[in-house]
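Quick notes on the structure that follows.
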Amino acid sequence: MKLIAVGDNVTDCYLNEGVFYPGGCCVNVAVNSKRDGAEEVGYLGVFGNDVNALHIQDCLDKEGVDHSMCRTVMIQSSKPGVNIDADGDRIFVEGPKRTCQWLLRLQLRRDDLEYIRKYDIIHTCCFSSIEPELPNLAKCGEVAYDFSERRDEEYLRQVCPYLTYAFFSGSDMTEDEVTSLQAFCHSLGVKIVGITRGGEGAVFSENGTVYRQGITPTEVVDTMGAGDSFIAGFLTHYGDHHDMAAALAFASERAAFTCTQHGGFGYPHPFVEEWPGYDGN
């Protein structure tokens, strides 16, 4: 199975440690998919022109993720602040807004689409401002989309018709809400709808057939990137074997492993300057 992630990249700045880690939903999924055994993995997005962006690119090189089609712009990288509480949960602090993720949207060229077509699964997310490109992506392969906590009907109607896989964070959802959301996404053409529910595990539906997956017990250090790791594990395993139960079990194990380390997939880098924080712009 070959996977490409198209969209966001950030550096998660751990304020209590004075280090930043490479991240962003799409970068996390790309790296984890490669680690999970995908034959070939690519990443396509927009990089800033600072040390943070260079560090992300260096990590992608070390992990064997191709990023040769990415853009570089003369703007700083996105730098959300993060604190980790005693339970390993993330507490985000708003970062600067004058960044490539906030100010720019990736526009796909003809050569980008030719490049994307060599991959089987195209992963992206609601943080990537990629919605106008979804019709083009859907013509290139199976599209997987991480909605995070976005579930409003208008947005679902806009995005779901182009998807094969839809993922949601739903620790606040009731069973009835889970069932209703999955049915609605299926009605819009989505084949597989997955909802992760924190400590209650995950509920996935494949064309109306429901699968449940409990969590894999582990010693939690940091939950950063665990959801992305779950998605990567599921897509990589399912893409190769098309076995829902086995793919979910594998995804749970990979997410548990991610919780045992700091950052989405490691690679801490010391701050090179004082964290800029949110400047109101």
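Laboratory data are not the source of any read-out in this text; all were calculated from the coordinates shown. Small disclaimer: the values here were computed from a predicted structure and weren't measured. All Cβ positions, glycine included, derive from the backbone under ideal geometry; neighbour counts span all protein chains shown.
Would you work out which of Val143, Ala86, Tyr21 lies farthest towards the positive end of the dipole of the chain, given +1 charges on the beta-carbon of Lys and Arg and -1 on that of Asp and Glu, about the Cα centre?
Going by the Cα projections, it comes out as Val143.
If each DSSP helix of 4+ residues adds -39,500 (n - 2.57) and the sum is divided by the residues in the chain, what number results at 222 nm, nearest 500 deg cm²/dmol?
For the chain, the value works out to -9500 deg cm²/dmol.
Please arrange Arg98, Arg109 by how many other C-beta atoms lie within 10 Å of their C-beta, fewest to most.
Arg109, Arg98
Could you tell me whether region 90-220 comes out rounded, prolate or oblate from its Cα gyration tensor? Rule is a ≥ b ≥ c as square roots of the eigenvalues, rounded for a/c under 1.5, then prolate if a/b exceeds b/c, otherwise oblate.
oblate
Please report the net charge: other residues with Cβ closer than 14 Å to the Cβ of Met74, K and R +1, D and E -1.
For residues surrounding Met74, the net value is +1.
Pop a pseudo-label 7 angstrom from the Cα along the beta-carbon direction at both Trp275 and Asp172 and give the gap in nm to one decimal.
2.3
Where does the charge balance sit around Gln182 when Lys and Arg score +1, Asp and Glu -1, over other residues with C-beta under 13 Å from its C-beta? Present the calculation step by step, with values, prior to reporting the outcome.
On the way: positive: Arg151, Lys191, Arg197, Arg212; negative: Glu175, Asp176, Glu177, Glu206.
Every neighbour counted, the sum reads 0.
I need the calculated FRET efficiency for the pair Ser187 and Asp58, taking r as the beta carbon distance and R₀ as 51 Å, to the nearest 0.05.
Calculated value: 0.70.
Just want to confirm a number: the relative contact order over region 140-263, from Cα pairs under 8 angstrom separated by 6+ residues, in percent.
19
Compute the separation of the alpha-carbon centres of region 86-116 and region 176-219 and state it in Å as a whole number.
25
Suppose a student asked you for the relative contact order of the chain, using Cα pairs under 8 Å spaced at least 6 residues apart; what percent would you report?
The value is 21 percent.
In the chain, what percentage of the DSSP-assigned beta bridges are antiparallel, given to the nearest 5?
45
Hand me the chymotrypsin sites (Phe, Trp or Tyr not before Pro) from region 188-281 located in a DSSP loop with no more than 15 other Cβ atoms within 10 Å, in residue order please.
Hits after loop and neighbour filter: Tyr278.
Based on other C-beta atoms within 10 Å, arrange Leu137, Leu106, Leu3 from fewest to most. Please list the in-between numbers first.
Numbers: Leu137 23, Leu106 20, Leu3 29.
Taking fewest neighbouring Cβ atoms as first place, the list is Leu106, Leu137, Leu3.
Starting from 0 in steps of 5 Å, tell me what percent of the Cα-Cα pairs of region 93-149 lands in each bin.
It works out to 4, 17, 24, 23, 16, 9, 6, 1, in whole percents.
How big is the Cα convex hull of the chain in projection, averaged over all directions, in nm²? Working shown, then result.
Details: hull surface 54.4 nm².
For the chain, averaging the hull's shadow over all directions gives 13.6 nm².
Does a label point 7 Å from the Cα of Glu40, set along Cα-to-beta-carbon, have any residues of region 55-78 with amide nitrogen under 12 Å, and which are they?
Under cut-off, by backbone N: 66.
Using the number of other C-beta atoms within 10 angstrom as an exposure proxy, rank Ile4, Ile192 with the fewest first.
Ile192, Ile4
Sort by residue number and report every cysteine in the chain with no other cysteine beta carbon within a distance under 4.7 Å.
So, Cys13, Cys26, Cys59, Cys70, Cys100, Cys126, Cys140, Cys160, Cys185, Cys259.
Using a cut-off of 14 Å between beta-carbons, work out the net charge of the residues near Met1 (Lys and Arg +1, Asp and Glu -1, Met1 not included).
Net charge in that neighbourhood comes out at -3.
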